[in-house]
1. Hey, can you tell me all the residues within the stretch 253-266 that are over 27 Å from the mean Cα position of the chain (by Cα) and modelled with pLDDT of 85 or more?
2. Mind checking which residues of the stretch 267-279 are within 17 Å of the chain's Cα centre (by Cα) and surrounded by 19 or more Cβ atoms within 10 Å (Cβ to Cβ)?
3. Within the stretch 138-194, track down each residue that is among the β-branched types (V, I, T) and without any contact (Cβ under 8 Å) to a residue 12 or more places away in the chain.
4. Being surrounded by 21 or more Cβ atoms within 10 Å (Cβ to Cβ) and of a type outside the set (G, A, S) is the filter here, so list the residues in the stretch 293-304 that pass it.
5. Could you count how many residues in the stretch 368-415 are exposed (fewer than 15 other Cβ atoms within 10 Å of the Cβ), β-branched (V, I, T) and under 24 Å from R231 (Cβ atoms)?
6. So L200 fits all but one of (1) assigned by TED's automatic domain parsing to the domain that holds Q299; (2) modelled with pLDDT of 85 or more; what number is the exception?
Amino acid sequence: MSASLDVASSPTPMRPGARRDLRILAAAVGLSAFGDELALTALMIKATELFAQGSGGDISYAGASSAVALILIAGIVPQVIFAPFAGWLVDRTESVNALRVASLIQAALAIGLAATDTLPAILILSFLLGTGATVASPATFTLIPAIVGSEHTTVANGWMESARYAGWVLGPVVAGSLSFAVGSEAALVFDACTFVVVALGATMLHAREPAAPGPRERPLQEALAGLRAIRGDRLMVAAVVVVALTVVFAAMDNVAEVFFSYDVLGKGAFGLGALATGWLAGMVVGAAVIARRIPERRQAPVLAVGAIVGGLAIALAALAVNFPFAVAMFAVGGVANGVQNVSMRSLIHRNVDEAVRGRVFALYSGATTGAQLGATALAAPIVASAGARTALMIGGMGGLIVGLLGLAWIAIIERSTAPVPVIDHWG
């Protein structure tokens, strides 16, 4: 990143110190996402190797597939069940310290994963690694207003999301290469190093987000304060519901697109890679280019518009017989996804009091992660019974309907909360 962080859409130039800290934090987010994907890919390879049988190294596919599924679940479930408590921990501690400690613990867990060769131990350590991510993510995003100020949060969120997407792309590639060259253990050691670098990066930040002030309550009551903050704001309720339901339908694509590429488009692994790359490229454009140009007052409606555009794009892709058109529609869906992600994070920064912001970020992350799990479970039987094209169409049309209903819901809320002009009849 460069001085281009000072974009014309920002009301005042960003301070040089803020640009420095934002670069460091964005690099940490990208490296963390890279490490997450690196670890996940390396663990899936390791799980497959555990089920190699006989001198010829034949694989027990039933055992390996079950192990991979369990590893995925072990890493994701903590992000759902521990979200309120992770957010409470972030709000009640200094955010840089929370990020640094969580990253160092994750580094130790990654070393442990490299050293173990039994599935139960891998599952336990994967669960703990996912728990660390549940703390690190809200700690990262609560720092943004402290770094750039409230007027630059949308621009900063755009850069943060772009860095995250870059990490997602590079992680599997590096993990696969390292595992092939020197083994999955080396990839996991490399993952541990990324967490150490993230901790060092956090230490270099000048900005600090101190522990939130306020009266102390019982731990469970404090953990649920983020939920109360969302429930007390009708616009935030609508925003979270719209995004979560969008994820339910959009995440169905993750299952369907594999079979869509192989069975419908006839493009196999190349087609799958092209569809995934198109989506990711669109997310980068949406986050880094488009989202930062959306006025704050339009961010809530844009969440619904993103669902409409993304849903329509996937529905059109499902009808496609032309491969380039399908890739283009996936790219459009990615643009909508990127804009939604940035707009939602910026809405939280703008509408939620800083005393509970960590808990709201954690709950939002838990809600979308839970929606992804539900979508995966929902998509599998649909693909098996009705085919990939039908599953994509259901996902696309579902997102479109969610967006249309959400747009109407948000419009009603905004009209009911708009200030009523006072007319002086006496002149």
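1. Answer for the stretch 253-266, where residues must be over 27 Å from the mean Cα position of the chain (by Cα) and modelled with pLDDT of 85 or more: V264, L265, G266.
2. A276, W279 - these are the residues of the stretch 267-279 that are within 17 Å of the chain's Cα centre (by Cα) and surrounded by 19 or more Cβ atoms within 10 Å (Cβ to Cβ).
3. Of all residues in the stretch 138-194, those among the β-branched types (V, I, T) come to 140, 142, 144, 147-148, 153-155, 169, 173-174, 182, 189, 194.
Result: V173, V182.
4. Within the stretch 293-304, the subset surrounded by 21 or more Cβ atoms within 10 Å (Cβ to Cβ) is 299-300, 302-304.
Once the filter is applied, which keeps residues that are surrounded by 21 or more Cβ atoms within 10 Å (Cβ to Cβ) and of a type outside the set (G, A, S), the stretch 293-304 yields Q299, V302, L303.
5. The qualifying residues number 1.
6. Every condition holds for L200 apart from (1).
The values are calculated or read from the model by the stated rules, or taken from the named source; none is laboratory data. These numbers come from a predicted model, not from an experiment. Ideal geometry is used to build each Cβ from the backbone, glycine not excepted, and the neighbour counts take in all protein chains shown.
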